[in-house]
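Here the structure is laid out as structure tokens; the discussion comes afterwards.
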Amino acid sequence: MKIPYNADMSELQEYQGKATMEKITSLAKRRGFVFQSSEIYGGQSGAWDYGPLGIELKNRIAGAWWKEMTQLHDNIVGLDAAILMHPRTWEASGHVENFTDPLVDCKKCKSRFREDMIPAENLSAKKCPDCGGELTDTRKFNLMFKSHIGAAEDTASIIYLRPETAQGIYVNYKNIIQSNRMKIPFGIAQVGKAFRNEIVTKNFIFRTCEFEQLEMQYFVKPGTDEEWFNEWKKQRWVYYEKLGVKMDHLRWHQHGPDELAHYAKDAYDIQYLFPMGWRELEGVHNRTDYDLSRHSEYSGKDMQYIDQDNNNERYTPYIIETSAGLTRNVLMILCDAYDEEKVADKGDADDWRTVLRFHPNLAPITVAILPLMKKDGLAELAQEIRAELKEDYATDYDQAGAIGRRYRRQDEAGTPFCVTVDYESKEDGTVTMRFRDSMEQIRVPRAELAARLRQEIKAYKRIK
Ligand code: GAP
């Protein structure tokens, strides 16, 4: 949605209060969440840089997922596998053969399209939707980035950037059973980069060529796979509830036969209602024994599990996978938190505030310390308070400008709590604690601040 350049106040109100990708992209840049990659050279499409607030948000989202998967599950352990893997991995996984998009090029303007993005009438007439030029026949385009390792550029030196983190888990599954004495059912979790040569990379960080995944592979006995599939569907839903996401913005989508990946017996996506519509956020997949059987076939290594508690019964485990995009989760959390609220009625731009209503556990800055004035020792006192809090909380310090403006700046950064140090603080040792969501202000003794913050974070409930 573009705001007309000559909009008057009543027209502007129509745009106010609504989250759009334009507004979110612009806020993300303005406040240092996400920048375009290599911007000074005109930008690199499909790649983005995470600024000071963005990296904090991304780390907290990854941390929340990691805690959920490993700390809260006794039988799930972590792994950090290399991005570069033996090229046979990708033959075994089916990616060399099957990980393709149908591609069509325009002979005239050289635009490139995914076949399913072209209107049916253009496709049947072989007419470019952009310039009307002639389109090529559809061809399969492999999404894996290919490079060469070592000095020689021959077929023996081909190497791929991994298009999913999952394969690093499968090739290590026996190592992990042996080193950590894991018994089925058990899981392996991993956070890491993945790369895909995506043809269409619009909508900010939604679909990019370089991105990060949060993947967990759960190894189960064949025959129990459907039960575990349903269990993981339940758990992933509850996880987003715990994160404080608007649950009416989430829904399930089951893959139809033409959507199922080559490895999947059943698959459901959790979709989120982004400003551009319902889109995939995470997938829960029943991958059967496809991956381990194929690695066994291609490596010649036995990938069967030996059940020592059950007369050494041997079988190839089935795998239930939960696979979310970390960078896509960053976008979801930004969209979910974004709010514009009318806070006054003076008829000017200050009537509205933009606020990111992050859960305090995800907010890049937990508490900002603001001296009412720089002078009279207030700045020094505020710095002292910051030093007391920074061991336990992510803090910020801001002494520039009017206090109202500073609150607005923290609202835009999604900081749930501000602490203001004023003249009374010098007299009686109390400070003002200001709550982002309600804008309520209370007085708290300085000595009780850390404990009060802990309480507030634990009891946090989103009000809007
Ligand atoms: N291991 C299974 C797998 O990779 P996927 O559905 O292709 O399945 C899983 O990807 C998740 O990774 C998606 O739900 C999405 O959140 C994220 N993802 C996939 N491609 C992406 C891209 N090009 N940019 C950003 N995130 C992506």
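The values are calculated or read from the model by the stated rules, or taken from the named source; none is laboratory data. As the structure is a prediction and not an experimental result, all values here were calculated from the model. So basically every Cβ, Gly included, is an ideal-geometry build from the backbone, and we count neighbours across all protein chains shown. Remember, those area values only see protein heavy atoms, side chains included, never the ligands or the DNA or RNA. Shrake-Rupley method; radii C 1.70, N 1.55, O 1.52, S 1.80 Å.
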Residues satisfying the stated conditions in the stretch 220-241, i.e. of a type in the set (A, V, I, L, M) and either surrounded by fewer than 21 Cβ atoms within 10 Å (Cβ to Cβ) or within 16 Å of the ligand (Cβ to nearest atom) (or both): Val238
Output the number of the condition that Asp437 fails; it satisfies all remaining conditions of (1) modelled with pLDDT of 95 or more; (2) loosely packed, with under 15 Cβ neighbours inside 10 Å. (2)
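Return the residues of the stretch 277-288 that are open to solvent by 50 Å² or more (accessible area, probe 1.4 Å) and either touching a His at 6+ places or on another chain (Cβ under 6 Å) or away from the ligand (no atom under 11 Å from the Cβ) (or both); say none if nothing qualifies.
So in the stretch 277-288, the residues open to solvent by 50 Å² or more (accessible area, probe 1.4 Å) come out as 278-280.
Residue satisfying the conditions is Trp278 alone.
Any idea which residue in the stretch 440-453 is nearest to the chain's Cα centre (by Cα), counting only those that are open to solvent by 70 Å² or more (accessible area, probe 1.4 Å) and either among the hydrophobic types (A, V, I, L, M, F, W, C) or within 20 Å of Leu356 (Cα to Cα) (or both)?
Here is the first cut: in the stretch 440-453, the ones open to solvent by 70 Å² or more (accessible area, probe 1.4 Å) are 440-441, 443, 447-448, 452.
Filter again for either among the hydrophobic types (A, V, I, L, M, F, W, C) or within 20 Å of Leu356 (Cα to Cα) (or both), leaving 440-441, 447.
Numbers: Glu440: 31, Gln441: 32, Ala447: 37 Å.
Per the stated criteria, the residue is Glu440.
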Of the residues Leu334, Leu292, Leu273, which single one is within 16 Å of the ligand (Cβ to nearest atom), modelled with pLDDT of 95 or more and closer than 30 Å to Pro222 by Cα? Leu292
I'm checking my understanding of the structure. Among residues of the stretch 182-219 that are part of a loop (DSSP other than H, G, I, E, B), basic (Lys, Arg) and within 11 Å of the ligand (Cβ to nearest atom), which one is most open to solvent (accessible area, probe 1.4 Å)? Arg207
Restrict the check to the stretch 156-174 and report whether at least one residue is out of contact with any His (no Cβ under 7 Å at 6 or more places or on another chain), away from the ligand (no atom under 16 Å from the Cβ) and over 19 Å from Tyr305 (Cα atoms). yes
Kindly check whether there is at least one residue in the stretch 135-142 that is within 16 Å of the ligand (Cβ to nearest atom) and either under 30 Å from Gln190 (Cα atoms) or in contact (Cβ under 8 Å) with a residue 60 or more places away in the chain (or both). yes
How many of the residues making up the stretch 98-127 are out of contact with any His (no Cβ under 6 Å at 6 or more places or on another chain) and either aliphatic (A, V, I, L, M) or touching a residue at least 60 places away in the same chain (Cβ under 8 Å) (or both)? 12
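Yes or no: Ile369 modelled with pLDDT of 95 or more, away from the ligand (no atom under 16 Å from the Cβ), aliphatic (A, V, I, L, M) and assigned to a loop (DSSP other than H, G, I, E, B)? Show your work before the answer.
Working: modelled with pLDDT of 95 or more: yes; away from the ligand (no atom under 16 Å from the Cβ): yes; aliphatic (A, V, I, L, M): yes; assigned to a loop (DSSP other than H, G, I, E, B): no.
It is false that Ile369 is modelled with pLDDT of 95 or more, away from the ligand (no atom under 16 Å from the Cβ), aliphatic (A, V, I, L, M) and assigned to a loop (DSSP other than H, G, I, E, B).
Being near the ligand (Cβ under 10 Å from one of its atoms) and assigned to a loop (DSSP other than H, G, I, E, B): is that true of Tyr263 here? Full working, then the answer.
Numbers: near the ligand (Cβ under 10 Å from one of its atoms): yes; assigned to a loop (DSSP other than H, G, I, E, B): yes.
When the stated conditions are applied, Tyr263 passes them.
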Can you pull out every residue in the stretch 336-359 that is open to solvent by 10 Å² or more (accessible area, probe 1.4 Å) and closer than 18 Å to Asp411 by Cα? Tyr338, Asp339, Glu340, Glu341, Lys342, Val343, Ala344, Ala349, Asp350, Trp352, Thr354, His359
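Among the residues of the stretch 250-265, count how many are open to solvent by 40 Å² or more (accessible area, probe 1.4 Å) and either touching a helix residue (DSSP H, G or I) at 6+ places or on another chain (Cβ under 7 Å) or within 18 Å of Arg462 (Cα to Cα) (or both). Before you say what the answer is, go through the steps one by one.
From the stretch 250-265, those open to solvent by 40 Å² or more (accessible area, probe 1.4 Å) are 251-254, 257-260, 262, 265; that's our starting set.
In the following step, the residues that additionally are either touching a helix residue (DSSP H, G or I) at 6+ places or on another chain (Cβ under 7 Å) or within 18 Å of Arg462 (Cα to Cα) (or both) were identified as 262.
Residues in the stretch 250-265 being open to solvent by 40 Å² or more (accessible area, probe 1.4 Å) and either touching a helix residue (DSSP H, G or I) at 6+ places or on another chain (Cβ under 7 Å) or within 18 Å of Arg462 (Cα to Cα) (or both): 1 in total.
In the stretch 401-434, which residue that is touching a residue at least 40 places away in the same chain (Cβ under 8 Å) and among the basic types (Lys, Arg) is least open to solvent (accessible area, probe 1.4 Å)? Reasoning before the result, please.
Keep residues of the stretch 401-434 that are touching a residue at least 40 places away in the same chain (Cβ under 8 Å), which gives 408, 410-423, 425-426, 431.
Restricting the remaining residues to those that are among the basic types (Lys, Arg) gives 408, 426.
On the way: Arg408: 72, Lys426: 110 Å².
Restricting to residues being touching a residue at least 40 places away in the same chain (Cβ under 8 Å) and among the basic types (Lys, Arg), the top hit is Arg408.
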Hits in the stretch 45-55 - residues which are of a type outside the set (Ser, Thr, Tyr), buried (at least 17 other Cβ atoms within 10 Å of the Cβ) and not in a loop (DSSP other than H, G, I, E, B): Trp48, Leu53, Gly54
Filtering the stretch 149-181 down to residues that are assigned to a strand (DSSP E or B) and either within 19 Å of the chain's Cα centre (by Cα) or crowded, with 18+ Cβ neighbours inside 10 Å (or both) yields Tyr160, Leu161
